[in-house]
Amino acid sequence: MSSISSISSSTHEFESPSRRQLALYHLRRNPLVTLGLVIAIAWVVIAFLAPAVAPVPPLKQDLANRLQAPGELYFMGSDELGRDIFSRVLWGARITIPAGLAVIIMGSTIGVIVGAVAGYAGGVIDELLMRLTELFMAFPFIILAMAVTAALGPDIRNAVLALAAVWWPRYARILRGLVLEVKAQEFVEAAHSAGAGGAYVLFRTILPNCVAPAVILATLDIGTAILSFAALSFIGLGPEPSSPEWGRMVSIGIDFFDQWWMWLFPGFAIASLVMAFNFIGDGMRDILDPRLRGE
């Protein structure tokens with residue numbers, strides 16, 4: 001079994017010194033990646049510190065000062081119920097960021113497992129899993145997510161589950177192709193010859209050599225997942241109306257379009273976070289994709 005481990009470990013080295021040097025090189029070469037990291041880290045810190053930083057609770061109403069423009073009393077203005085927009089934007093990070101990450105983690109995990117099993121097993125299992133994948137991909141994912149969320153009921157958890165349920169097929173197709181390619185390599189045959197079982201070969205020898213494209217895709221997809229979650233909230237299929245979720249705040253703000261601060265600040269929060277993760281995803285692609293480095 002030690003020989004099997006040596007075969008598996010010798011085929012990949014995800015965090016080698018050269019990889020770290022390459023990451024630093026791309027950070028210096030592409031300042032947008034650094035900007036994306038700064039913005040994303042800032043929002044994560046804000047999400048953790050929101051209870052301590054927010055001036056007032058996000059649900060506290062002050063009807064006497066409703067629809068106040070940004071000023072000394074309310075830094076980002078107040079909404080139709082006199083709630084502080086600034087506090088609600090800060091608290092909204094605690095909903096939107098975990099929701100987007102949860103969608104990607106759940107969807108990519110399901111897709112990687114389905115694609116890996118389909119590519120490695122082949123035959124009838126491959127056909128069944130790929131036909132199921134194509135069935136899900138036959139519908140626009142946001143429409144399918146809306147249908148699933150409407151069936152389960154408007155709720156944060158249901159919105160996340162619905163998005164994850166329609167997010168996995170693209171990962172499954174990509175991983176299947178990668179597994180089929182890696183499965184034909186000599187080091188996989190060597191692992192079989194050394195007596196390794198199918199599960200060991202798949203998860204310890206083949207999958208580590210397929211992880212980079214999945215990581216790139218997942219990083220690029222975080223922004224899209226955040227935007228999709230906000231879209232479901234915008235049409236009323238996310239959190240309850242009183243929730244300080246950014247998409248829901250934009251939806252309410254549209255009804256008071258003249259009070260621009262109600263939709264501008266949560267909309268800017270969504271845009272900045274999506275932009276940050278897109279920048280990070282581009283940087284991850286430059287670092288992990290050997291074709292872009294000429295290797």
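Around Ile110, what is the net charge, scoring Lys/Arg as +1 and Asp/Glu as -1 over all other residues with Cβ under 15 Å from its Cβ? Result for the local shell: +2. The eigenvalues of the Cα gyration tensor, multiplied by 5 and square-rooted, give the range 214-264 an equivalent ellipsoid with semi-axes of 26, 12, 7 Å from largest to smallest. With 10 Å bins beginning at zero, the pair-distance distribution over Cα atoms of the range 92-210 amounts to 14, 36, 28, 16, 6, 0 %. Is the range 38-81 best put as rounded, prolate or oblate by its Cα gyration tensor, with a ≥ b ≥ c the root eigenvalues, rounded for a/c under 1.5, and otherwise prolate when a/b is larger than b/c, oblate when not? Prolate.
Net charge near Ile235: determine it from the other residues with C-beta under 13 Å of the C-beta of Ile235, scoring Lys and Arg +1 and Asp and Glu -1. It works out to a net charge of 0. For the range 246-285, applying the loop criterion from DSSP together with a ceiling of 10 other beta carbons within 10 Å to the chymotrypsin sites (Phe, Trp or Tyr not before Pro) yields Phe257. Sites listed here are chymotrypsin sites (Phe, Trp or Tyr not before Pro) in the range 62-120 whose DSSP assignment is loop and whose Cβ has at most 16 other Cβ atoms within 10 Å: Phe75. A viscosity of 0.890 mPa s and a temperature of 25 °C, combined with the Kirkwood radius over C-alpha pairs in the Stokes-Einstein formula, give the range 147-261 a diffusion coefficient of 143 µm²/s.
Here, each number is a calculation from the coordinates, and none is a lab measurement. Predicted model only: the values in this text are computed from it and were never measured. Note: ideal-geometry Cβ built from the backbone for every residue, glycine included; neighbour counts use all protein chains shown.
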